[in-house]
1. Counting Lys and Arg as +1 and Asp and Glu as -1, each charge on the Cβ, what is the dipole of the range 3-227 about the Cα centre in debye, to the nearest 20?
2. Per residue, how much space in cubic angstrom lies within the convex hull of the C-alpha atoms of the range 3-227?
3. Taking loop as defined by DSSP and a crowding limit of 10 other beta carbons within 10 Å, which trypsin sites (Lys or Arg not before Pro) in the range 134-226 fit?
4. Measure off 7 Å from each Cα along the Cα-to-Cβ vector at THR62 and ARG84, then give the distance between these two points in nanometres to one decimal.
5. Report the relative contact order of the range 32-159, percent, no decimals, based on alpha-carbon pairs under 8 angstrom and at least 6 residues apart.
6. Tell me, what is the percent relative contact order of the range 3-227, built from C-alpha pairs under 8 Å that lie six or more residues apart?
7. Taking the chain as a Gaussian network, where each spring joins two C-alpha atoms under 10 Å apart, which residue of LEU79, LEU18, LEU205 fluctuates the most?
8. In the range 3-227, if the dipole is taken from +1 on Lys/Arg beta carbons and -1 on Asp/Glu beta carbons about the Cα centre, which of VAL68, PHE190, ASN143 is farthest to the positive end?
Amino acid sequence: MNAYVARPADGKEHPGLLVFQEAFGVNAHIRDVTERCARAGLVAIAPELYHRTATGFEAKYTDFPSTVPHMKAMTVEGLTRDIRAAYEWLQGDPQVRKETIASIGFCMGGRASFLANATVPLQAAISFYGGGIAPALLPQVANLHAPMLFFWGGRDKHIGAEQIRAVVDECKRLGKPYVNVEISDADHGFFCDARASYHPEAARLAWGICESFLHFHVHRPELRTRVR
């Protein structure tokens with residue numbers, strides 16, 4: 001499995017971050033996010049989740065049909081193996097602080113980030129408009145290792161309110177720590193500046209929340225201990 005890796009330039013130890021792609025591949029946007037995360041002080045890896053069917057796959061945002069065969073070929077079992085492989089790569093990297101690894105993902109990758117939190121011992125996980133968590137992956141809520149940060153767009157017609165409610169209610173029922181953010185005037189894909197649905201104000205707001213969330217749970221985990 002190929003992956004795109006970006007790291008802070010100082011050569012020092014930093015937390016690790018799994019970055020999970022949208023349906024359109026590890027494209028320019030996902031590479032840009034990975035680089036942005038490196039500038040924020042994280043060793044970031046974006047694995048190619050379509051490696052079984054199309055190594056190096058990238059699709060235009062106007063060509064969703066080309067992504068469908070690769071999405072349909074994915075399985076939870078295969079994705080779980082990919083998550084473990086990327087996590088173990090971070091664990092083996094000398095620049096990664098092994099006890100502080102988190103994940104972030106977008107769309108299809110938002111679902112993968114949720115699954116990663118249930119699969120490996122992360123310290124935090126972020127899911128942007130992760131469709132398909134409910135109902136199929138709801139049993140995985142019981143296995144979440146770390147706090148979840150969810151982002152949703154209020155105008156997103158791909159993910160119904162009942163799906164969001166099911167995910168949040170299950171986290172609440174099982175006492176799993178989470179932050180749930182719905183931006184009312186944002187659509188699906190609002191964080192991506194290459195999509196027609198890009199919402200710059202929502203994207204800036206969401207990134208600021210991401211930085212605070214990662215600072216609290218990953219960069220400065222001792223703060224968490226003090227609060228508790």
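1. On the way: 24 positive and 24 negative charges, 79 e Å.
Taking the Cα centre of the range 3-227 as origin, the dipole is about 380 debye.
2. Values: hull volume 25.9 nm³, N = 225.
Taking only Cα atoms, the range 3-227 has a hull volume of 115 Å³ per residue.
3. On the way: sites: ARG155, LYS157, ARG165, LYS172, ARG173, ARG195, ARG204, ARG224, ARG226; in loops: ARG155, LYS157, ARG195.
Loop-located and lightly packed - LYS157.
4. Each label point is offset 7 Å from its Cα along the Cβ direction, giving 4.2 nm.
5. Details: 158 pairs, mean separation 21.5, N = 128.
Computed over the range 32-159, the figure is 17 percent.
6. It rounds to 17 percent for the range 3-227.
7. LEU205
8. ASN143
Any read-out appearing in this document is the output of simple, stated calculations on the displayed coordinates, not a laboratory observation. Every value quoted in this text rests on a predicted model; they were computed, and no experiment measured them. Positions of Cβ are backbone-derived with ideal geometry, glycine not excepted, and every protein chain shown enters the neighbour counts.
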